[in-house]
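Below is one structure, written out as structure tokens; comments come after it.
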Amino acid sequence: MSNGQNERREMTGAEMVVQALKDNGVLHLFGYPGGAVLPIYDELFQQEDIQHILVRHEQGAGHAAEGYARSTGKPGVMLVTSGPGATNAVTALQDALMDSIPLVCLTGQVPTALIGSDAFQECDTVGITRPCTKHNWLVKDVNELAAIIHEAFHVATTGRPGPVVVDIPKDVQFAKGIYTPPQTAPRTSYQPKVQGDLEKIKAAVALLANAKKPIIYSGGGVINSGPEASQLLRELVELSGFPITSTLMGLGAYPASGKNWLGMLGMHGTYEANMAMHDCDVMLCLGARFDDRITGRINAFSPNSKKIHVDIDPSSINKNVRADIGILGDVGHVLEDMVRLWRATAKTDKKTLHPWWEQIARWRARDSLAYRMNDDVIMPQYAIQRLFEATKGKDTYITTEVGQHQMWAAQHFHFDQPNRWMTSGGLGTMGYGLPAALGVQIAHPDALVIDIAGDASVQMTIQEMSCAVQYEAPIKIFILNNQYMGMVRQWQQLLHGNRLSHSYTEAMPDFVLLAQAYGAHGIRCEKPGDLDAAIKEMIDVKKPVIFDCRVAALANCFPMIPSGKAHNEMLLPDEATDEAVANAIDAKGRELV
Amino acid sequence: MNAQLQPTGSAYFIAKETELPETHTLSVLVDNEPGVLARVIGLFSGRGYNIESLTVSETEHEKHLSRITIVTRGTPHVLEQIKHQLERIVPVHGVVDLTVRARELGQDRPLERELALVKVAGKGDNRVEALRLADAFRASVIDANTEHFIFEITGKGSKVDQFIAIMKPLGLVEICRTGVAAMNRGPQGM
């Protein structure tokens with residue numbers, strides 16, 4: 001990566017930053033300049049290897065870098081100034097931490113001598129970002145700068161990926177020192193274990209081979225592990241004939257068109273996925289973490305199953321749910337061993353699974369994603385279905401904001417490949433999708449990149465439309481506009497007597513005019529009959545688009561596991577009358593958190 | 001099914017804790033670099049774990065390694081989480097739950113010692129009594145004039161507690177305790 005003349009060359013800190021980025025293979029950098037990073041910006045100005053994308057807010061830089069990372073498998077990189085630049089990045093850092101996204105954030109800092117003096121645009125960046133990064137560094141000596149940036153890339157991208165921050169005081173950027181190229185020897189305290197314990201993997205395969213009612217529950221870890229892991233997962237499913245479900249973060253690792261696919265599980269997962277989780281006898285959890293949106297009531301979670309948990313993070317195993325076999329390692333490596341052992345030892349007779357598949361077919365027949373069509377008003381589920389149909393055969397990437405539209409997208413848009421679905425799962429960050437789409441589009445300039453958005457979420461980072469127009473990134477912002485914070489409204493209906501406290505947006509911008517104001521293309525669609533033509537127009541326009549899709553205002557997202565309930569106590573759409581929804585609460589329940 | 005017949009309470013599911021909490025002593029070996037202690041204690045406060053005692057000092061100067069001894073309280077499940085969460089911190093080399101290790105070695109608990117400096121001021125009988133009791137506790141006098149003593153006492157936390165309690169009516173002025181230093185018995189290292 002580094003050429004010989006750069007080895008141990010003297011340069012300024014700012015030069016080192018740019019050189020270190022190049023040596024770590026960085027091609028795109030999302031950022032926003034300011035006083036404490038001007039020396040680095042000056043260096044960026046004088047080179048052409050790295051393209052800098054100027055966002056409109058540092059949070060946007062972070063989510064764009066996340067989208068970039070999630071869609072490429074490479075680290076996303078952002079550069080922001082001190083003080084407010086760093087604090088604005090915090091939301092994106094925590095988002096990346098919870099969803100295990102490799103993100104390298106470089107922050108400027110006031111000169112070393114002024115640290116602690118409440119200088120202009122000073123904040124305790126390493127203190128503020130300590131709990132929302134995998135690791136962070138304050139660089140006090142220019143001679144350590146290069147090594148720290150290399151280590152930052154190593155930490156961000158290996159083990160369980162995550163965000164890192166390197167805080168660089170302005171005097172360090174000006175100071176001259178010796179540049180060291182990337183080293184292969186990592187620090188001794190940080191050595192993530194990738195290879196699983198073979199004895200445990202053997203025991204797991206033996207347990208799986210004798211299962212009568214098995215299920216595979218895969219998560220974002222399979223996608224983080226790389227395309228080989230998704231390929232191996234498909235092989236394992238094919239070999240074993242097991243049903244498979246996935247978390248929100250894991251969609252696409254196994255194709256939604258695959259015959260063993262049960263759909264997403266969890267709070268808004270399918271009936272068949274959740275019932276199969278509840279009734280299974282052996283569960284294989286691959287790179288997922290038994291999040292509370294997945295398990296439902298924890299003491300009623302899959303009560304009769306043996307659980308095998310594969311995770312690269314030892315703290316994930318046995319955190320929420322006890323694993324009978326916990327395998328610490330990279331899910332790709334473990335899958336490789338599992339597939340090999342399965343081929344060598346396990347039975348190939350899938351007949352024993354027939355009763356289980358018949359049971360699953362009965363659950364599937366409940367058609368838990370059904371909704372009532374309407375000829376006059378666009379149903380949000382219908383809009384996603386039409387969008388999915390229109391994008392078939394295209395090189396499509398989907399991002400989302402957070403809320404009902406996100407769950408409908410997960411339910412009704414189907415992914416056959418990994419790295420095609422970018423969403424804020426752990427933190428649930430409204431405003432994630434638009435800048436994430438921008439990041440995806442920068443990485444894949446010719447692809448069709450769509451942010452399935454809600455009217456409330458999208459306004460949190462709408463300013464990045466300006467960035468999309470500047471870089472001619474033809475992102476499509478497909479807003480399911482119901483004028484409500486739909487998921488908040490749904491919870492208010494469920495939990496708070498339908499008192500819709502501040503969840504209705506009385507003054508909504510005209511999204512078509514807004515698009516035009518930014519120099520983008522605006523489309524509005526209000527009738528189901530017009531939808532297909534409008535979507536075609538959106539796809540055909542070669543510039544950024546805001547699509548204002550006016551949908552039924554009061555639609556609720558079902559099926560749903562109401563809180564405090566188990567997987568087998570789902571609220572299904574045909575049972576969820578207004579009365580049933582209103583009665584799904586009592587005074588005692590309201591007293592809980 | 002029948003979900004609509006039963007109450008639902010919240011966006012979160014909270015299960016009752018059935019395990020009983022225990023007190024354990026952890027040894028954490030870390031790179032002695034800026035912020036490392038903040039990472040460790042930030043983990044405890046951020047995730048709602050308890051710290052009952054914390055001791056830290058560089059133990060291997062040439063390698064810049066510090067050993068942190070933490071006495072914490074939680075259910076066995078939480079204690080296991082604490083260990084794994086500590087291991088995730090990049091500059092952490094290793095974590096040993098000394099209490100668990102002691103049990104594995106067939107021992108009641110690890111060796112734990114604490115040092116305290118105890119200042120007692122007084123005259124007459126109280127002064128004589130304080131000195132006599134200090135002798136019984138093998139506490140040594142490290143500073144004195146005609147009106148006060150400073151005792152140095154080393155031992156288990158319970159012994160130090162007891163000594164302080166006894167000194168209270170005899171003119172106790174101030175106390176400084178180091179927190180627990182601990183290791184397992186036997187030839188093996190952590």
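Bear in mind that the values in this text are calculations on the coordinates, not laboratory data. From a predicted model like this one, the values you see are computed outputs, not experimental measurements. Glycine gets a Cβ as well: all are built from the backbone with ideal geometry, and neighbour counts include every protein chain shown.
Here are the numbers:
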read-out: Whether region A:71-117 is rounded, prolate or oblate, judged on the alpha carbon gyration tensor where a/c under 1.5 counts as rounded; value: prolate
read-out: Euclidean distance of C-alpha centroids, region A:225-303 and region A:308-353, integer Å; value: 13 Å
read-out: Over chain B, relative contact order from alpha-carbon pairs under 8 Å, at least 6 apart, %; value: 23 percent
read-out: Label-point separation in nm, B:Ala144 to A:Asp292, each point 7 Å along Cα→Cβ; value: 5.9 nm
read-out: Per-residue [θ]222 nm for chain B (sum of -39500 (n - 2.57) over DSSP H runs n ≥ 4, rounded to 500); value: -8500 deg cm²/dmol
read-out: Over region A:154-243, volume per residue of the alpha carbon convex hull, in Å³; value: 148 Å³
read-out: Relative contact order (percent, whole number), region A:194-306, Cα cutoff 8 Å, 6+ residue spacing; value: 30 percent
read-out: Rounded to whole Å, sorted largest first: equivalent-ellipsoid semi-axes of chain B, Cα gyration tensor; value: 40, 23, 16
read-out: Estimated dipole of region B:60-186 in Debye, rounded to 20 [Cβ of Lys and Arg +1, of Asp and Glu -1, Cα centre]; value: 220 debye
read-out: Over 27 Å between alpha carbons, listed pairs A:Lys134/A:Lys319; A:Lys22/A:Lys176; A:Lys22/A:Lys542; A:Lys74/A:Lys536; A:Lys392/A:Lys476; A:Lys74/A:Lys176; value: A:Lys22/A:Lys542; A:Lys74/A:Lys536; A:Lys74/A:Lys176
read-out: Trypsin sites (Lys or Arg not before Pro) lying in DSSP loop within region A:454-528, provided at most 14 other Cβ fall within 10 Å; value: A:Arg499
read-out: Prolate/oblate/rounded label for region B:22-113 (Cα gyration tensor, a/c 1.5); value: oblate
read-out: The protein assembly as shown - charge dipole about Cα centre, Lys and Arg +1 at Cβ, Asp and Glu -1, debye rounded to 20; value: 1900 debye
read-out: Exposed-site-free run, longest, chain A (rule: GluC sites (Glu not before Pro); DSSP loop; at most 14 other C-beta within 10 Å); value: A:49-471
read-out: Cα coordinate range in region A:278-377, projected on the principal axes (Å, largest first); value: 53, 36, 27
read-out: Lys, Arg +1 and Asp, Glu -1 on Cβ, resulting dipole of region A:368-447 about Cα centre, debye, nearest 20; value: 100 debye
read-out: Options A:His52, A:Tyr271, A:Met338, ranked by Cα towards positive dipole end of chain A, top entry (Cβ charges); value: A:Met338
read-out: Selection from A:His63, A:Ile115, A:Gly31 lying farthest towards where the dipole of region A:1-134 points positive, charges on Cβ; value: A:His63
read-out: Partners for B:Lys159 among lysines (Cα-Cα distance below 27 Å; same-chain residues under 8 apart left out); value: B:Lys119, B:Lys123, B:Lys168
read-out: Pairs of alpha carbons in chain A whose separation is greater than 46 Å (percent); value: 17 percent
read-out: Residues A:Val541 and B:Ser45, FRET efficiency given R0 of 60 Å [Cβ-Cβ distance, rounded to 0.05]; value: 0.75
read-out: Cα gyration tensor shape of region A:142-206, rounded if a/c is under 1.5, else prolate or oblate by comparing a/b with b/c; value: prolate
read-out: Rg and Dmax of region A:191-259, Cα atoms only, in Å; value: 12.7, 39
read-out: Environment charge at A:Ala473 (Cβ cut-off 14 Å; Lys +1, Arg +1, Asp -1, Glu -1); value: 0
read-out: Ratio Rg/Rh [Cα only; Rh per Kirkwood] for region A:355-469; value: 1.03
read-out: Cβ-Cβ FRET estimate between A:Gln470 and A:Gln516, R0 fixed at 22 Å, reported to 0.05; value: 0.90
read-out: In nm, spacing of pseudo-spin labels at B:Leu37 and B:Glu17 (7 Å Cα→C-beta vector); value: 2.7 nm
read-out: Qualifying trypsin sites (Lys or Arg not before Pro) for region A:304-406 [loop in DSSP, other Cβ within 10 Å: at most 13]; value: A:Arg322, A:Lys347, A:Lys350, A:Arg372, A:Lys392, A:Lys394
read-out: Label-point separation, A:Ala361 to B:Val128 (7 Å along Cα→Cβ), nm; value: 9.8 nm
read-out: Dimensionless Rg ratio for region A:352-420, taking C-alpha atoms and the 2.2 N^0.38 Å reference; value: 1.38
read-out: Where GluC sites (Glu not before Pro) in DSSP loops with at most 16 other Cβ within 10 Å are excluded, longest remaining stretch of chain B; value: B:63-146
read-out: Alpha-carbon radius of gyration plus Dmax, which is the widest Cα pair, for region A:22-135 in Å; value: 13.7, 41
read-out: Dipole axis of region A:286-336 (+1 Lys, Arg; -1 Asp, Glu on Cβ), positive-most option in A:Ile325, A:Gly296, A:His309; value: A:Gly296
read-out: Computed E for B:Arg73/A:Arg340 - FRET, C-beta separation, R0 41 angstrom, nearest 0.05; value: 0.40
read-out: Expected 222 nm ellipticity per residue - DSSP helices of 4 or more, -39500 (n - 2.57), all of chain A, to 500; value: -11000 deg cm²/dmol
read-out: Sparse-neighbourhood loop sites, trypsin sites (Lys or Arg not before Pro) in region A:183-283 - DSSP loop, at most 10 other Cβ within 10 angstrom; value: A:Lys259
read-out: Relative contact order computed over chain A (Cα-Cα under 8 Å; 6+ residues apart), in percent; value: 14 percent
